[in-house]
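The values are calculated or read from the model by the stated rules, or taken from the named source; none is laboratory data. Since we're looking at a predicted model, the values are computed, not measured. So basically every Cβ, Gly included, is an ideal-geometry build from the backbone, and we count neighbours across all protein chains shown.
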Amino acid sequence: MSTPTTTPDTERRLAELLEADRTFLWHPFTQMQVWPEDDPLVIERAEGNYLIDVLGRRYLDGVSSLWVTVHGHRKGELDEAIRAQLEKVAHSTLLGLANVPSIELAKKLISIAPPGLTRVFYSDSGSTAVEIAVKMAYQYWQLRGRTQKRRFVALREAYHGDTVGSVSVGGIDLFHQIFRSLLFEVERIPTPYAYRYEGEGDCAEACLRAAEELFERKHESLAALVIEPLVQGAAGMLVQPKGFLAALAKLCRRYEVLLICDEVATGFGRTGTMFAVEQEDVRPDLMCVAKGLTGGYLPLAATLTTEEIYSAFLGTVAEKRTFFHGHTYTGNPLACAVALANLELFEKERTLEKMKPTVEVLTRKLEEIARHPHVGEVRQRGMMIGIELVKDRATREEYPYGDRVGFQVCQEVRRRGIILRPLGNVVVLMPPLSLTPDEALWLGDAVYESIDAVTRERR
Ligand SMILES: *Cc1c(COP(=O)(O)O)cnc(C)c1O
């Protein structure tokens, strides 16, 4: 596991780096007042599924460096793709010019995308991919002369990124509430979160009824539905019941509402199929990808859409139907080159096939974890896993947010040589697809022991 090579020199270097981190940085989604006490690791290198800190300690990357790493770190083919591209050009713009890797990648993406998606618009993060989908959907209806269709529908616990547009369609109060008055208004569909459902009858059916009622009443004003297909990640890995996505897709068709699937987290094998929508045979009008697109190497995103939407933007220059949107690094050649190599690896290594035994090991381990007295619910779809901790299993009482119980469990897991990052009281496991069955066993055991150690202290 850990093989520290600590010497007074490396210790001193770590102290200096942490001092500079504390002095100059502001970390994302982080309460900086407590950050220095949280014993931060300073990562310097990586190897396969492991991150290595400045002291030489190795840690299993249990959340794929925030949901991005696919085939592991320092993957030969991916390193080489960047080196080879670097020998040619690092960056050239897509505004007024084309470049080789962005063309090759677009062609490849369309060849593996759900049927009907034929066009690729690049950007650089999941947030911008969603922002673009929202603006495209909006402008599409304007151009089609259906100018009343301006409203977006999203799920109540949705997470679609952190720019103002993507926060508008987001619905996680903890992150988004403070910005409410800055955002555009969105129609909401309740999240199918059966474990915390307090209404009558079946939870998912109630959500679908609410959606149907909304669509029936307001479809003339609705531009698009935005949804994370199969799993709502940042909400705590909320897994949708079978048929839920397909039912919403059907509603969209019936009421002429565009369907935007945000596959930023679920895309590229994370749920067991290349894209989550495949599992429900759903064909989105717009699809957003980012995170795993480059195998976790460089920031790159894409918004895919149909010929129907694309062609609505065509016209003479004077007609001004152009999509006036673009980012400076749109279609960056280095990022596109490594993304292409990433997609080729899926074929060459039969990644989706090879991950199956590992997923099965995780599923078995999760059955044990689910029996723990402080685990309320375990949710899994492929390599996306959420373990919801509860103070009281019978009443489903939550641990107070300020107690940071999920965080404590992750600190305990870290002592066992594994890096995880929770979402509140939900312990998230999101390992690289290259995780081995043996590593899955170890991960499962470490998580069980850590939950037990932390919750025992509090009993
Ligand atoms: C992470 C995430 C985003 C935002 O992606 P960034 O690259 O962090 O901007 C959007 N949607 C979903 C579903 C995500 O998980």
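Here are the numbers for the structure shown:
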{"item": "Subset of the stretch 167-194 (residues that are of a type in the set (Ser, Thr, Tyr), assigned to a helix (DSSP H, G or I) and touching a helix residue (DSSP H, G or I) at 6+ places or on another chain (Cβ under 9 Å))", "result": "SER168"}
{"item": "Single unsatisfied condition, LYS149 versus (1) in contact (Cβ under 8 Å) with a residue 40 or more places away in the chain; (2) surrounded by fewer than 19 Cβ atoms within 10 Å (Cβ to Cβ)", "result": "(2)"}
{"item": "Selection count, the stretch 151-171, where residues are touching an Asp or Glu at 6+ places or on another chain (Cβ under 6 Å) and within 11 Å of the ligand (Cβ to nearest atom)", "result": "3"}
{"item": "Residues located in the stretch 90-102, provided they are hydrophobic (A, V, I, L, M, F, W, C) and either loosely packed, with under 14 Cβ neighbours inside 10 Å or under 27 Å from VAL164 (Cβ atoms) (or both)", "result": "ALA90, LEU94, LEU95, LEU97, ALA98"}
{"item": "Residue among GLU377, GLU388, GLU397, GLU368 that is outside the structural domain of GLY272 (by TED's automatic domain parsing), surrounded by fewer than 22 Cβ atoms within 10 Å (Cβ to Cβ) and under 22 Å from the mean Cα position of the chain (by Cα)", "result": "GLU377"}
{"item": "Selection count, the stretch 244-268, where residues are in contact (Cβ under 8 Å) with a residue 12 or more places away in the chain and either farther than 28 Å from LEU343 by Cα or not assigned by TED's automatic domain parsing to the domain that holds TYR193 (or both)", "result": "9"}
{"item": "Residue within the stretch 114-132 that is within 25 Å of GLU307 (Cβ to Cβ), within 23 Å of the chain's Cα centre (by Cα), among the polar types (S, T, N, Q) and buried (at least 17 other Cβ atoms within 10 Å of the Cβ) present", "result": "yes"}
{"item": "Total residues in the stretch 310-332, condition more than 16 Å from the ligand (Cβ to nearest atom) and surrounded by 22 or more Cβ atoms within 10 Å (Cβ to Cβ)", "result": "1"}
{"item": "Condition check for ARG119: in contact with a Lys or Arg (Cβ under 8 Å, 6 or more places away or on another chain), part of a strand (DSSP E or B), touching a residue at least 24 places away in the same chain (Cβ under 8 Å) and charged (D, E, K, R)", "result": "no"}
{"item": "Pairs with Cβ under 8 Å, 6+ apart, first in the stretch 446-457 and more than 15 Å from ARG404 (Cα to Cα), second of a type in the set (Gly, Ala, Ser)", "result": "ALA446/GLY417"}
{"item": "Hits in the stretch 76-100 (condition: within 28 Å of GLU47 (Cα to Cα) and in contact with a Gly (Cβ under 8 Å, 6 or more places away or on another chain))", "result": "LEU78"}
{"item": "Residue match in the stretch 427-437 (condition: surrounded by fewer than 19 Cβ atoms within 10 Å (Cβ to Cβ) and either within 20 Å of GLY236 (Cβ to Cβ) or acidic (Asp, Glu) (or both))", "result": "no"}
{"item": "Residue within the stretch 278-297 that is out of contact with any strand residue (DSSP E or B) (no Cβ under 9 Å at 6 or more places or on another chain) and among the aliphatic types (A, V, I, L, M) present", "result": "no"}
{"item": "Condition check for ILE110: free of Cβ contacts under 8 Å to residues at least 40 places away in the same chain and in a helix (DSSP H, G or I)", "result": "no"}
{"item": "Which listed residue is of a type outside the set (S, T, N, Q), modelled with pLDDT of 95 or more and under 24 Å from PRO115 (Cβ atoms), from LEU334, LEU343", "result": "LEU343"}
{"item": "Any hit, the stretch 102-122, residues being closer than 29 Å to ARG321 by Cβ, within 16 Å of the ligand (Cβ to nearest atom) and in the same structural domain as GLY233 (by TED's automatic domain parsing)", "result": "yes"}
{"item": "LEU183 modelled with pLDDT of 95 or more, closer than 26 Å to VAL289 by Cβ and crowded, with 17+ Cβ neighbours inside 10 Å", "result": "no"}
{"item": "The one condition in (1) more than 16 Å from the ligand (Cβ to nearest atom); (2) surrounded by fewer than 21 Cβ atoms within 10 Å (Cβ to Cβ); (3) over 17 Å from GLU185 (Cβ atoms) that TYR138 fails to fulfil", "result": "(3)"}
